[in-house]
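The values are calculated or read from the model by the stated rules, or taken from the named source; none is laboratory data. The structure displayed is predicted, hence computed values, not measured ones. Note that we place each Cβ from the backbone using ideal geometry, even for glycine, and neighbour counts take in every protein chain shown.
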């Protein structure tokens with residue numbers, strides 16, 4: 001249920017409505033817009049629509065048909081902009097996150113970080129814990145990898161996003177990263193999502209390999225319902241009958257989700273196609289479709305990478321891609337970073 005308050009509703013009236021909803025067994029989430037306050041009521045209780053409509057200051061009560069309440073545009077019509085330092089994800093600028101699939105060595109991490117920063121990436125991406133299909137594949141360096149990633153990001157004045165795979169890793173990764181990444185395999189790890197709902201750092205939530213858009217938004221709802229409003233959705237391709245590419249990159253999901261939800265949407269063309277020769281055209285398509293950001297795998301020597309080398313770009317390829325995106329973005333009223341203004345204090 002969504003309760004839309006009148007434009008001139010007083011704080012006392014708003015608090016009274018909140019109190020009545022709580023009495024009815026609902027959890028209440030407040031969204032204050034430019035002219036109106038909107039209250040989202042979720043939970044197992046029974047909120048009587050007729051009684052709420054009669055309360056002073058109430059303009060309208062809407063029952064939401066979507067099972068996801070807090071992620072919907074009905075609850076929050078305006079787009080959410082998530083701030084990480086001076087980076088605004090969901091604003092006019094298309095934010096690019098780039099880096100290796102996994103931290104391997106200090107030289108590899110430092111070299112790649114410097115290359116993607118020069119090209120215009122604002123957020124460094126890299127894994128320390130890797131969910132691999134085979135138990136015999138490289139599983140990541142653990143905390144040692146987080147140290148390498150954090151040091152490289154700090155040296156280049158970038159924010160850092162890295163994957164969390166389990167509840168037990170949240171506290172550790174929180175010490176090093178600015179954004180938690182939840183991978184496709186964990187999109188429906190509801191225990192993990194609930195715990196990240198209590199975190200106070202943004203969560204980049206990737207779409208599961210066989211997930212519908214509704215299921216993806218319901219996973220976001222788990223984080224939002226815990227009080228963490230900083231959810232960033234990530235389209236990374238889904239599994240279909242097609243075998244020519246690693247996944248089928250669902251570009252159409254970007255405008256669909258933006259119509260349904262206020263949350264920012266970024267695209268992962270690296271996993272979407274699984275081939276580095278297709279990352280550039282898929283990235284172009286994602287920006288043209290309205291993506292708020294990109295997350296791209298770049299490696300200083302991808303042919304020798306310990307994981308996902310085939311889909312990782314060479315730094316020179318990434319540099320050319322960024323130049324092309326700077327032509328595409330203005331055509332749809334967006335921009336991509338041209339400067340390398342230093343940001344201070346990441347991870348400190």
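Quick check on region 1-23: of everything there that is buried (at least 17 other Cβ atoms within 10 Å of the Cβ) and part of a loop (DSSP other than H, G, I, E, B), which residue is nearest to the chain's Cα centre (by Cα)?
This residue is 1.
Can you tell me which of (1) at pLDDT below 95; (2) out of contact with any strand residue (DSSP E or B) (no Cβ under 6 Å at 6 or more places or on another chain) is the one residue 240 doesn't meet?
Of the numbered conditions (1) at pLDDT below 95; (2) out of contact with any strand residue (DSSP E or B) (no Cβ under 6 Å at 6 or more places or on another chain), the odd one out for residue 240 is (2).
Of the residues 64, 89, 82, 34, which is modelled with pLDDT under 95 and within 21 Å of residue 224 (Cα to Cα)? Spell out how you get there, then give the answer.
On the way: 89 fails: modelled with pLDDT under 95; 82 fails: modelled with pLDDT under 95; 34 fails: within 21 Å of residue 224 (Cα to Cα).
Of the residues listed, the single one that is modelled with pLDDT under 95 and within 21 Å of residue 224 (Cα to Cα) is 64.
For every residue, the table says whether it meets (1) surrounded by 15 or more Cβ atoms within 10 Å (Cβ to Cβ); (2) part of a helix (DSSP H, G or I); (3) assigned by TED's automatic domain parsing to the domain that holds residue 217.
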site: 46; (1), (2), (3): no, no, no
site: 50; (1), (2), (3): no, yes, no
site: 55; (1), (2), (3): yes, no, no
site: 97; (1), (2), (3): yes, no, yes
site: 107; (1), (2), (3): no, yes, yes
site: 117; (1), (2), (3): yes, yes, yes
site: 140; (1), (2), (3): yes, no, yes
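If a residue must be in contact with a strand residue (DSSP E or B) (Cβ under 6 Å, 6 or more places away or on another chain) and assigned to a loop (DSSP other than H, G, I, E, B), how many such residues does region 147-186 contain?
So the answer is 5.
Within region 323-344, take every residue that is within 19 Å of residue 153 (Cα to Cα) and in contact with a helix residue (DSSP H, G or I) (Cβ under 9 Å, 6 or more places away or on another chain) and give me the one that is modelled with the lowest pLDDT. I'd like the intermediate steps shown before the answer.
In the first step, residues of region 323-344 are kept if they are within 19 Å of residue 153 (Cα to Cα); the result is 337-344.
Subsequent filtering for residues that are in contact with a helix residue (DSSP H, G or I) (Cβ under 9 Å, 6 or more places away or on another chain) retains 337-338, 340.
Working: 337: 74, 338: 57, 340: 42.
The qualifying residue modelled with the lowest pLDDT is 340.
Conditions: (1) out of contact with any strand residue (DSSP E or B) (no Cβ under 9 Å at 6 or more places or on another chain); (2) under 19 Å from residue 234 (Cβ atoms); (3) modelled with pLDDT of 95 or more. Residue 312 meets all but one. Number of the miss?
So the condition that residue 312 fails would be (1).
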